[in-house]
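Below: one structure, written as structure tokens.
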Amino acid sequence: MVYELMSLDGVVERPDAFFTDWDEAMDANLAAVIGAQDAVVLGRRSYDEWVAYWPGRDSPPFAPFITSVEKHVVTSTPLEGAWADAHVIGDGLVDAVRELKERPGGDIGVHASITVARELLSAGVVDELRLVIAPAIAGTGRRLLDGLPPLRLTPIRSTLSPTGYLLVDYRVGG
Amino acid sequence: MPVVVTMSITLDGVGAGRHVTLEQPFGDLPADTFYGWIEEAPEENQDAFDAIVDAGAFVMGRNMFGPITGEWTGDWRGWWGPNPPYHAPVFVLTHHPRDPLTMEGGTVFHFVTDGIEAALERARDAAGDRPVHIAGGPTTANAYLAAGLVDELLLNVNPVVVGHGLRLFDGVGALRLEQLSVRATPLVTHARYRVLREG
């Protein structure tokens, strides 16, 4: 399951630049998303940013989740930082995720980690895409849905949060 | 009255393909990528289609009007048959003058050669107290957005990623928006935004 914070023009890099509000519906949405996950796959950049930020913080729901959840990090160099249960995926991201999917258990989450999300979407191993779309055009920054092959999606849900952010969930596949 | 960009786009923001031809109004992407929802589920989406054409006047780019480039030759009258769905004046941006084209049902195509601001001014005058819709395509919508001339966006977002084509918002820069409404149907999400002026 890929969960991303996106601008209306599709940018997912540095969402703090266009996410100017965070309301209770967005919080409840995030809690539901991560509540179903028992593993996450992260790119190295997201890992490094988060391992420098989250340990020692206790703001629910994300801080306790990311601290305790099983983390698989795509990287070619050893991990640094203070997180337990962090594992390295060297090469073969897609195969590694396929293996994770075969285990029993909850959802596998991809948060931020643009390169990872794109590679998994391109390989057809993503089942759900959950977006929070800000009412803003970022203008610059990396887009999630660039460089992908054509994909059919099926809308599952689309609601508006009180501060005007679109919570939209898709199943990947027609 | 508001100036509204109305576009049907894909989830990756594409509003048309490239290389429009007589056979392919949306270029190298099929029309149902963008408007399949009105063909396949007309009842649940009729309101949204009506909203697209509910304006006092329209502005559209030349590529949206037709596949002909350069001087006007022949008698091209648009993609929409003898009675287009606009039922109001439509101002077509072009570098090549042509006499107005009166269609059935109240649609009149006017050909404007002196730029996007002049076209919008004429559309505002024609619309009176009703909205002006910037009907597309993406290049025209982006020109108006970049110029700060748009008050609202009325988007129909199709659940598909196409990976290529002309993208809405390219070259527009940063804009703050306010989401006014959203309605999801199985084939498309209808969303309306107000454009806030600061970046």
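Computed from the coordinates by the stated procedures, all read-outs in this text should not be read as laboratory data. Because the structure is a prediction, the values reported are computed rather than measured. Cβ placement follows ideal geometry from the backbone for every residue including glycine, while neighbour counts extend to all protein chains displayed.
Candidates A:9, A:38: the one that is within 30 Å of residue B:176 (Cβ to Cβ), surrounded by 15 or more Cβ atoms within 10 Å (Cβ to Cβ) and among the acidic types (Asp, Glu) is A:9.
Are any of the residues in segment A:153-161 in a loop (DSSP other than H, G, I, E, B) and at the interface with another protein chain (Cβ under 7 Å from one of its Cβ atoms)?
no
Could you identify the single residue in B:175, B:187, B:168 that is within 11 Å of another protein chain (Cβ to nearest Cβ) and touching a Phe, Trp or Tyr at 6+ places or on another chain (Cβ under 8 Å)? The match here is B:187.
Conditions (1) touching a residue at least 60 places away in the same chain (Cβ under 8 Å); (2) within 28 Å of residue A:9 (Cα to Cα), marked per residue:
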residue	(1), (2)
A:72	no, no
A:94	no, yes
A:129	yes, yes
A:143	yes, yes
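Selection of segment B:27-46 for residues being hydrophobic (A, V, I, L, M, F, W, C) and assigned to a helix (DSSP H, G or I) yields B:34, B:37, B:38.
Scan segment A:117-132 and give yes if some residue there is assigned to a loop (DSSP other than H, G, I, E, B), over 24 Å from residue A:75 (Cβ atoms), touching an Asp or Glu at 6+ places or on another chain (Cβ under 9 Å) and within 9 Å of chain B (Cβ to nearest Cβ), otherwise no. The answer is no, given that none of the residues of segment A:117-132 is assigned to a loop (DSSP other than H, G, I, E, B), over 24 Å from residue A:75 (Cβ atoms), touching an Asp or Glu at 6+ places or on another chain (Cβ under 9 Å) and within 9 Å of chain B (Cβ to nearest Cβ). Among the numbered conditions (1) without any contact (Cβ under 8 Å) to a residue 60 or more places away in the chain; (2) in contact with a strand residue (DSSP E or B) (Cβ under 8 Å, 6 or more places away or on another chain); (3) within 29 Å of residue A:9 (Cα to Cα), tell me where residue B:142 comes up short. All conditions are met except number (2). Summed over segment A:133-152, residues that are within 17 Å of residue A:5 (Cβ to Cβ), surrounded by fewer than 22 Cβ atoms within 10 Å (Cβ to Cβ) and at the interface with chain B (Cβ under 7 Å from one of its Cβ atoms) total 1. Residue A:38: acidic (Asp, Glu), assigned to a helix (DSSP H, G or I) and either over 22 Å from residue A:15 (Cα atoms) or in contact with a helix residue (DSSP H, G or I) (Cβ under 9 Å, 6 or more places away or on another chain) (or both), yes or no? Taking the combined requirement at face value, the residue does not satisfy it.
Taking segment B:4-26 as the range and being part of a loop (DSSP other than H, G, I, E, B), touching a strand residue (DSSP E or B) at 6+ places or on another chain (Cβ under 8 Å) and buried (at least 19 other Cβ atoms within 10 Å of the Cβ) as the test, the residues that pass are B:11, B:12, B:13, B:17, B:26. Any residue at all in segment B:105-119 that is touching a residue at least 60 places away in the same chain (Cβ under 8 Å), out of contact with any helix residue (DSSP H, G or I) (no Cβ under 6 Å at 6 or more places or on another chain) and not aromatic (Phe, Trp, Tyr)? Checking segment B:105-119: at least one residue is touching a residue at least 60 places away in the same chain (Cβ under 8 Å), out of contact with any helix residue (DSSP H, G or I) (no Cβ under 6 Å at 6 or more places or on another chain) and not aromatic (Phe, Trp, Tyr).
For segment B:28-42, the condition holds for at least one residue, the condition being that it is surrounded by fewer than 17 Cβ atoms within 10 Å (Cβ to Cβ), farther than 20 Å from residue B:122 by Cβ, under 16 Å from the mean Cα position of the chain (by Cα) and among the hydrophobic types (A, V, I, L, M, F, W, C).
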